[in-house]
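The values are calculated or read from the model by the stated rules, or taken from the named source; none is laboratory data. Predicted model, so just to flag it, every value in this text is computed and none were measured. Positions of Cβ are generated from backbone atoms using ideal geometry, with glycine treated the same way; all protein chains shown enter the neighbour counts.
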Amino acid sequence: MPVIIGRNRLPAMPPRAVVTIGMFDGVHRAHQRLIRTAVRLARRLRGTSVAVTFDPDPQLVLDPRHAPPPLMPLARRLKLIEDLGAHLIWVIRFTPAFSRISPDEFIRSLLWRQLRARWVVVGDAFAFGKDRRGDLSLLRRGGSSYGMRIMALPAVRSGDAPISSSRIRRLVQHGALAEARQLLGRHVELSGRVVHGVGRASRLGFPTANIKLHATLLPPHGVYRVVTSLRGRRHEGLMNLGTRPTFGRGGGVVCEVHLPRFRGQLYGHTVTLSLLEYLRRERRFTDRDALIRQIRRDLRRVKLLP
């Protein structure tokens, strides 16, 4: 499946394009419905399903001081969109110049000249173009002049509110993992590259993988039950996210994962951790023996230690 990143022109027009557009941060259940709808329609037309997304997040360009951290890195977002069946993903580099494109130019240049879109599948609150001036009615009017058909899907709701990336961010920030999972359709995730640590955890008898996390939204500090897939096998473990107060302060936020049943080296590998359960807050222990006893209690609680 082709992924085109950072180019504002496509090398070739996709045949009979069925296009869906969005930031798709988190690729939550509402995003999934948009993408699956575009994929099914493209198959029916024997056309090409195209997911158009943006990098960086428009808010980072337009209002960087108030831009929220993303739920996931770009690579993970693209992988999830690919898994939903999109034939082509076009990642448009969002720049100040791109932000000034009028709604009419967005339809003419992007949807028509670049994509020759037959259908455009969006949510019913879709907004586009400079200052988000373009709405669904303008998209219908402008698209019809080029023979495009528009499919607007109603919001996917959970409880009394629509599912949205901002709603999921609030849940993650408050540690509401079960509620966030229900909106995402999967567990909350953290990912990053395994780097060398100082070996302190190994000396305690609980070797950990030290993970340099991608710049995404973090849940509250504490100890979590997690799972990751390594070399085709599922491994459960404990993750500590925080500042390791037992060993002093000032070192910044650290992510350490203990996988008691994994044997091997992970240095340099990128891992994705699914957060299954929040166990307890991070706290300072009086000495190393007290910390060891607590780690053993944590492992027994999640049945990773007899």
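The single condition among (1) of a type in the set (A, V, I, L, M, F, W, C); (2) surrounded by 15 or more Cβ atoms within 10 Å (Cβ to Cβ); (3) assigned to a helix (DSSP H, G or I); (4) under 20 Å from the mean Cα position of the chain (by Cα) that Leu138 does not meet is (4).
Only one entry in Arg118, Arg44, Arg113 is surrounded by fewer than 21 Cβ atoms within 10 Å (Cβ to Cβ), in a strand (DSSP E or B) and more than 26 Å from the chain's Cα centre (by Cα), namely Arg118. Among residues of the stretch 265-282 that are at negative phi and of a type in the set (A, V, I, L, M), those with a Cβ under 7 angstrom from a residue that is surrounded by 15 or more Cβ atoms within 10 Å (Cβ to Cβ) and assigned to a loop (DSSP other than H, G, I, E, B), sequence gap 6+ or separate chain, pair up as Leu275/His187; Leu275/Val188; Leu275/Pro219; Leu276/His187.
Listed here are the residues, each with its yes/no results for (1) among the charged types (D, E, K, R); (2) over 20 Å from Ile4 (Cβ atoms); (3) touching a residue at least 40 places away in the same chain (Cβ under 8 Å).
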site	(1), (2), (3)
Pro56	no, no, no
Leu60	no, yes, no
Pro73	no, no, yes
Val120	no, no, yes
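Considering the stretch 47-63, the residues that are part of a helix (DSSP H, G or I) and not hydrophobic (A, V, I, L, M, F, W, C) include one that is nearest to Phe106 (Cα to Cα), namely Pro58.
Just give me the residues in the stretch 170-182 being in contact (Cβ under 8 Å) with a residue 60 or more places away in the chain and either assigned by TED's automatic domain parsing to the domain that holds Phe24 or not in a helix (DSSP H, G or I) (or both), in sequence order. Show your work before the answer.
So in the stretch 170-182, the residues in contact (Cβ under 8 Å) with a residue 60 or more places away in the chain come out as 172, 175, 177.
Listed by number, the list holds a single entry, Gly175.
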